[in-house]
Structures are given as C-alpha cells and as structure tokens.
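The structure that follows is given in the form of structure tokens.
The values are calculated or read from the model by the stated rules, or taken from the named source; none is laboratory data. Predicted model, so just to flag it, every value in this text is computed and none were measured. Quick reminder, even Gly has a Cβ in these numbers, built from the backbone with ideal geometry, and neighbours come from all protein chains shown.
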Amino acid sequence: MFLLLSSDTDECALRKQNTKYKDLYPCTKGVCHNTPGSYFCKCKKGTKSDGTDFGCQSLHSPADKMVIGLSVSVTVVMALACLLLMQLQRKRHKKEKDEYFKQNGGLKLYDEMRSRQVDTIRILTEKEIKRATDNYNEDRVIGCGGHGMVYRGTLDDQKEVAIKKSKVISDDWREEFVNEIIVLSQINHRNIVRLLGCCLDVDVPMLVYEFVPGGTLSEFLHGAGCRSPIPLDLRLKIATQSAEALAYLHSSTSRTILHGDVKSANILLDDQLNAKVGDFGASALKSMDESEFIMFVHGTLGYLDPESFISRHLTDKSDVYSFGVVLLELMTRKRAIYTDNFNEKESLSYSFPLMFQKRRHLVMLDTEITDDAVMVVLENMAELAVQSVF
C-alpha cells in the first residue's frame, strides 16, 4: 500500500523566484495572494479588473487623467492667485490705514505722548473699535444725530465706553483735530465726561469717552414714561454741577474751551444722578461752512442764541445762553421747543422771559416744585435764567 503525499504550490513565491513564472501565474499591477491549490491577484486602490487576466487597469482613462490634472492645476493656480490677491489687499489696506493715521495727526499725538505731555489718552485701532461695538451693531447705538452715531462699547479690558463715530470731517478741522485731542484729554473735572481715547486709522476719526450709565438730562426730564416727580434740590444739584463744568471749560484750562452745543441732551447723569457735561468742543473748536452751520443749527434748535445765529460764530456767551435754556427746562419741565395749550410751537427762551416781564412766569413753572417755602429760590433761579437768555 502506498501513501501519496501532496503539497500546495506557492505561486506567489515562484513569481518572485523566477521571472518565467510571472507569465505562468500572471498578476500585472496587482498584489499576489497565495491560496490552497491556487492564488488570486488583488488590484491596488485606484485600479480595477482582475490582475490574473488582463492586468489591473487604472480607473481613469488617459483623457480622464489629463482632465483631472488640468483641473488640479487650475485649482492650484486659482488658490495661489487668491492668496496673492488677499496679500495685496492686506498691504493696500494697511497702507490706507497708515495714511489715515498720518493725515489725522497720529504721529504728532505719538510724539506728544512720548514727551509725556499727554499721558491720559489711548490710541485705539479700528479693529479694536469694531470688537468693542460688535462691528457697529445697531443694538449698541445709544445716540444719533446729524453729525453721526454714538455707540456703547466694551473694550478688551472690559471697560465700558461711549464711542462717537462722526459722518464727515472737513480738511481744515482734520489738521487741527489732534491739537484739540491734546487739549481735551487734559480736562479733568468730576462733572465733565472724560475723553479716554481716539481712533485715527480711519477716514473720519472717532472719539472714545467714559460711559455714563444714567442717560441724558433730556430723557430724565422729558422721556416717555419719565413723569415721576423730580424734587427741587435734585434739579438745583444738576444745574449747579452743569454750571461748574462750563465755568471750568471757560476759565480753568490752558485756554478757553467753548462747549458750543450746551443742551439737556448733552448733559448726562450717572447712577447717582450727578451731572456730567459731554460732547464738548466738537462744534465750538472749528469753523463751519454754510451746510455744516445749517446742520448744526438744526441740532441746537431752541438753544442757539440769536447773535451766534446771525454771526455764525460761537463765543462763551453762546454757552451761557444755552445754559439758561437748560435752567428753564429744569424749572418748567418743558422742552426748549414745546407745544403750548393752543397746539402751537413755542420757544422756551422767548416765551418765559416774556412772561417774566409781565410777572406771570409762575404759571409756567412745573407744579411739582411750586411751593411757597421755596418761592424765593425759584424767583432767583428764574431771574438767572432770564438774564442768561436775554
């Protein structure tokens, strides 16, 4: 009896040992795998068919490869072109920012800061301003007018500020802008809104002030739903603090600073209802052409004295006149331009002095404060207001 032994032939190994077996056991462009009694050829990724018959063939024809190659090349070229364009735009943007910074006097301000003549001002970039205002989000607007917008901002150090973004600026005023920044930054009075910084790398420079949380005196006196009683002593405190602030601007600085736009909307109240005069110097420190003056008059209707209206020139008397109108607002709780009982528009600075001359002004006072015990105070206050606007 014979015992027959058989062994498996490793075709893959034979292919490696001798090239003649490659024809006998074909596996073109594939990977050879041995199996009991046979073998199979697995095509590599990106190829198809059976490597033992016709060899592994590419999934893409030569034409397909050419199209793919061209597509990749075009994509790479376009990506490089985009990167180059972005780089050029960045350079152009930086150059534009540098030009704005120079023409707005940034280099001069830096020199002043280095010489320690200015150590209270901070120069911010527009990028910082955009972060602070959520890219000028409308929800951040706390004031607006013909000259521009005021935003509530939060700086990177979490400091709350008010950012004034003007619409336009004249070339003449641009040349003087930094000089005024230097002067205004040196003002230090508890009843004046402090200038904290500025942004110069933009077409129209922006000013950054301390944020005063209590809103404006105008809102406090006349705002919707704000008819709660305001005691006389609080009104007197607001009037006194505002007067002290204006007196400081006129006589206690290196040179006289005119406010130029005194009105209840520019007197802010803090959380303790202390008055802080704001938005000073922006109008008084520059000359105005006709269109600018018309816009200015529209914003100060009822507060601008007739003499300044005719001459188009602001003086310290302009501030005194406007302050007198604010006094009248505090006493009467009427707006500078109000609607009378006959539904006619009236100017407070005209109607009250007229009634004062006829000794009938008491009927115009706010009934909340007309008490016999304080009548002497009210008479003195009325006389001061009339002298200011007369």
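For segment 314-390, which fully contained helices (runs of 4 or more DSSP H) count at least 2 residues that are charged (D, E, K, R)?
The qualifying helices (runs of 4 or more DSSP H) are 316-332, 375-389.
If I go through segment 334-349 residue by residue, how many of them are loosely packed, with under 10 Cβ neighbours inside 10 Å and acidic (Asp, Glu)?
Total meeting the criteria: 1.
Rundown of residues vs (1) of a type in the set (A, V, I, L, M); (2) farther than 22 Å from ILE142 by Cα, yes/no style:
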residue: VAL202; (1), (2): yes, no
residue: THR216; (1), (2): no, no
residue: ALA224; (1), (2): yes, no
residue: ILE238; (1), (2): yes, no
residue: GLN241; (1), (2): no, yes
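Could you check GLY197 against (1) over 15 Å from LYS276 (Cα atoms); (2) not assigned by TED's automatic domain parsing to the domain that holds LYS102 and say which number it fails?
The failed condition is (2).
Which helices (runs of 4 or more DSSP H) does segment 161-269 wholly contain that include 3 or more residues that are out of contact with any Pro (no Cβ under 8 Å at 6 or more places or on another chain) and at pLDDT 90 or above? Spell out how you get there, then give the answer.
Details: elements: 171-185, 217-222, 232-251.
Per the criteria, 217-222, 232-251.
Within segment 337-390, how many residues are over 16 Å from ARG235 (Cβ atoms) and in contact with a strand residue (DSSP E or B) (Cβ under 7 Å, 6 or more places away or on another chain)?
7
A follow-up question, please. Out of all the residues in segment 118-155, which are modelled with pLDDT of 95 or more, among the charged types (D, E, K, R) and either in contact with a Gly (Cβ under 6 Å, 6 or more places away or on another chain) or not in a helix (DSSP H, G or I) (or both)?
Of everything in segment 118-155, those that are modelled with pLDDT of 95 or more, among the charged types (D, E, K, R) and either in contact with a Gly (Cβ under 6 Å, 6 or more places away or on another chain) or not in a helix (DSSP H, G or I) (or both) turn out to be ASP134, ARG152.
Restricted to segment 291-309, and to residues that are surrounded by fewer than 20 Cβ atoms within 10 Å (Cβ to Cβ) and among the charged types (D, E, K, R), which residue is modelled with the highest pLDDT?
Per the criteria, the residue is GLU307.
Determine the pairs where a residue that is on the phi > 0 side of the Ramachandran plot, located within segment 101-113, has a partner that is crowded, with 20+ Cβ neighbours inside 10 Å and in a loop (DSSP other than H, G, I, E, B) with Cβ atoms under 9 Å apart, the partner being 6 or more residues away or on another chain.
Close Cβ pairs (under 9 Å, with a partner that is crowded, with 20+ Cβ neighbours inside 10 Å and in a loop (DSSP other than H, G, I, E, B)) amount to GLY105/LEU200; GLY105/PRO205.
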